[in-house]
Each structure stands twice: as C-alpha cells, then as structure tokens.
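What follows is a short report on a single structure.
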Amino acid sequence: MSAELFQKMSQSILDGDSDAAAELAKQAVAAGVDPLEAINQGFVVGVNQVGESFACGNAFLPELVMAGEAMKAAVAVLEPEMKKRGTERKILGRVVLATVQGDIHEIGKTLVGTMLSASGFEVHDLGVDVPSEKILAKVREVDADLVGLSALLTTTMVKQREVIEDLDKEGLRRKVKVIVGGAPVTRDWVQKIEADGYSEDAIGAVAVAKQLVGAA
Ligand code: B1M
C-alpha cells in the first residue's frame, strides 16, 4: 500500500500536479503513514528526478516551477502532522532570501526559494527591492545560516557587495554564508565581492547551499 502511494506521490511531483500532491498527502495522513517517510520516500524522489532532468536539459523551467509548487503543496499538508507527532523534518539550514534593493525581478529568486524549501531549508523570502538593513535585521531575527541575494540588473549587482560589507560591519559575516545569483552575476564578480557561493540556476543554488551548511 505505502509503496504504491509513494510512487503516486513521486509521480504527482513529476506531473507538477499540486492538487494531486496535496490530495495524496492527505491520504497519507488519513492512513497513518509517517509524514516524514511520505516526504522522503514519495515526494522528494520526484523532486530529485525533476532536478536531475533539468540539469541534463531534459526538463525546462515550467516543469521545475510546477514541481516546486507541487512539493510545497504536499509539505504544507504534512508539516502540521509532523509537528503533532513531534517528528519535525530536519531543517538543513535557515536562509534569508531577497532580491536586492532597486531590483524588482522576482521570478528567479522565488524559484530559488521554492527549490531550497522543497529540499529541506527553512526559507525566509523577503521579496524584492529589499534594503540591506532589512536583510540584516532578518538574519538576526531568525539566526540565519545563509543569505541568498538575487540581482538581475548590472546596476543593482553592487547591492550584493553592499549587503556583504554591511554584514561584515555588523559582525555577522563570519556567522552566515552568502550565496549570490542572477543573470548578470559572474564568477569574477563573486570573487571580487567575496561571496561564499554562486549558482547560475535554482538547482545549482540548492547544491551550493547544501555544501555551505555541510549537508552535501
Ligand atoms: Co527586466 N531586465 N527590467 N523585467 N527582465 C532583464 C533582467 C534584462 C536582461 C532584459 C534585457 O534587456 N534583455 C534587462 C537587464 C539589463 C542589465 O542590467 N544587464 C532588464 C531591464 C533593463 C529591466 C528594466 C530596467 C526595464 C525598464 O524599466 N527600462 C526594469 C527594471 C525594474 C527594476 O528592477 N527596477 C525591468 C523590469 C522587468 C519587469 C518588471 C517587466 C519583469 C520582471 C517581472 C517580475 O519578476 N515579477 C522583467 C523581466 C521578466 C525580465 C526578463 C525578460 C526575464 C527575467 C526572468 O524572470 N527570467 C529579463 C531578461 C532575461 O533574463 N532573459 C529582464 C526567468 C528567471 C527564472 O530567470 O531571473 O535569471 P532569472 O533567475 C535564474 C538565474 O538567474 C538564477 O536562478 C534562476 C532560476 O534558474 N538566479 C539565482 C536568480 N537569482 C538567484 C539567486 C541565487 C542563485 C541563483 O542565489 C541566491
């Protein structure tokens, strides 16, 4: 019974079907299936497959977005049940995520957040056009392990450096690792501003984040 259910769960993610994923999660709860097992043996199997297909060029952005959304729908149903059972999913790390000040491009940043959260990170997404002081305040509030900064404009990339400098000034730089990304961001830029990690896409961002928290 569980094997069949897990297979359907994985398939719902591959199909990017949020309604089916939520429904299967409800069925699992009703049948007394361990919600953590449902995530790890069911839904995560699907999300990993989509991630691999994307990395090989066999799946594209819409599939990735839909898989992430379906994963979120399933986790939203299962999380309260995990809390009830005291088997909360192990959080890999806390991430404060934002598109930097002056920049309102949100799609890539949100995709990175969805994939991080689908992969086990607790994501605090501050949205777009976020000033440095707001990012630092959130880092303190949630005791973040990682800061993710997205910038899509050559004119706003400089704000990534500003946040890193502010973290340094405030004595937070040693505590948090910083990942940067966005279309104009290059490896040279990453070195120049002394960020800890960089990825060209959302799947890569998950791999980098896992490395930085020692969960790779
Ligand atoms: Co604008 N825009 N835009 N735009 N826009 C670009 C970025 C641009 C390249 C278009 C072009 O000229 N070819 C250009 C920038 C040029 C430059 O600076 N080099 C540009 C411009 C100029 C502008 C305006 C200035 C236009 C104007 O008003 N004159 C203006 C700026 C507004 C502002 O921010 N202050 C503007 C506005 C807009 C819209 C509001 C209309 C809209 C955004 C809507 C929204 O987000 N809600 C928009 C859009 C849609 C784009 C393009 C067409 C698409 C961006 C996108 O969503 N891509 C873009 C051209 C392009 O990129 N082809 C363009 C899909 C998304 C999934 O990819 O965001 O790259 P992306 O994210 C990827 C990776 O970059 C990476 O992973 C993601 C997933 O794979 N990634 C990270 C992103 N963040 C990451 C963080 C990480 C790790 C990886 O770690 C933390």
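Figures for the structure shown
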| read-out | value |
| --- | --- |
| Hits in the range 81-105 - residues which are open to solvent by 70 Å² or more (accessible area, probe 1.4 Å) and more than 13 Å from the ligand (Cβ to nearest atom) | Lys83, Lys84, Arg85, Glu88, Lys90, Ile91, Arg94 |
| Residues satisfying the stated conditions in the range 57-80, i.e. closer than 15 Å to Ser18 by Cα and open to solvent by less than 50 Å² (accessible area, probe 1.4 Å) | Leu64, Ala67, Gly68, Ala70, Met71, Ala73, Ala74, Val75, Val77, Leu78 |
| Evaluation of Leu153 against (1) open to solvent by less than 10 Å² (accessible area, probe 1.4 Å); (2) near the ligand (Cβ under 8 Å from one of its atoms); (3) not hydroxyl-bearing (Ser, Thr, Tyr) (one fails), failing number | (1) |
| Selection from the range 156-170 of residues that are within 16 Å of the ligand (Cβ to nearest atom), out of contact with any Gly (no Cβ under 7 Å at 6 or more places or on another chain) and more than 17 Å from Asp188 (Cβ to Cβ) | Glu162, Val163, Leu167 |
| Per-region count, the range 119-137, residues open to solvent by 40 Å² or more (accessible area, probe 1.4 Å) and away from the ligand (no atom under 14 Å from the Cβ) | 4 |
| Subset of the range 46-56 (residues that are open to solvent by 60 Å² or more (accessible area, probe 1.4 Å) and not charged (D, E, K, R)) | Asn48, Gln49, Ala55, Cys56 |
| Sole exception among (1) more than 8 Å from the ligand (Cβ to nearest atom); (2) among the small types (Gly, Ala, Ser); (3) under 25 Å from Phe60 (Cα atoms) for Ala202, by number | (1) |
| Condition check for Leu116: open to solvent by less than 10 Å² (accessible area, probe 1.4 Å), closer than 19 Å to Gly182 by Cβ and within 9 Å of the chain's Cα centre (by Cα) | yes |
| Identity of the residue in the range 10-29, charged (D, E, K, R) and within 17 Å of Val50 (Cβ to Cβ), that ends up surrounded by the fewest Cβ atoms within 10 Å (Cβ to Cβ) | Asp15 |
| Matching option when the condition is modelled with pLDDT under 95 and open to solvent by 80 Å² or more (accessible area, probe 1.4 Å), among Gln41, Gln7 | Gln41 |
| Hits in the range 36-56 (condition: aliphatic (A, V, I, L, M) and either assigned by TED's automatic domain parsing to the domain that holds Phe121 or under 22 Å from Gly204 (Cβ atoms) (or both)) | Val44, Val45, Val47, Val50, Ala55 |
| Count - residues of the range 154-193 that are on the phi < 0 side of the Ramachandran plot and assigned to a loop (DSSP other than H, G, I, E, B) | 14 |
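The values are calculated or read from the model by the stated rules, or taken from the named source; none is laboratory data. Owing to the predicted nature of the structure, the values given are computational and were not obtained by experimental measurement. When we count neighbours, we look across all protein chains shown, and the Cβ atoms used for this are built from the backbone with ideal geometry, even at glycine. Protein only, heavy atoms only, side chains kept; ligands, DNA and RNA dropped before computing areas. Shrake-Rupley method; radii C 1.70, N 1.55, O 1.52, S 1.80 Å.
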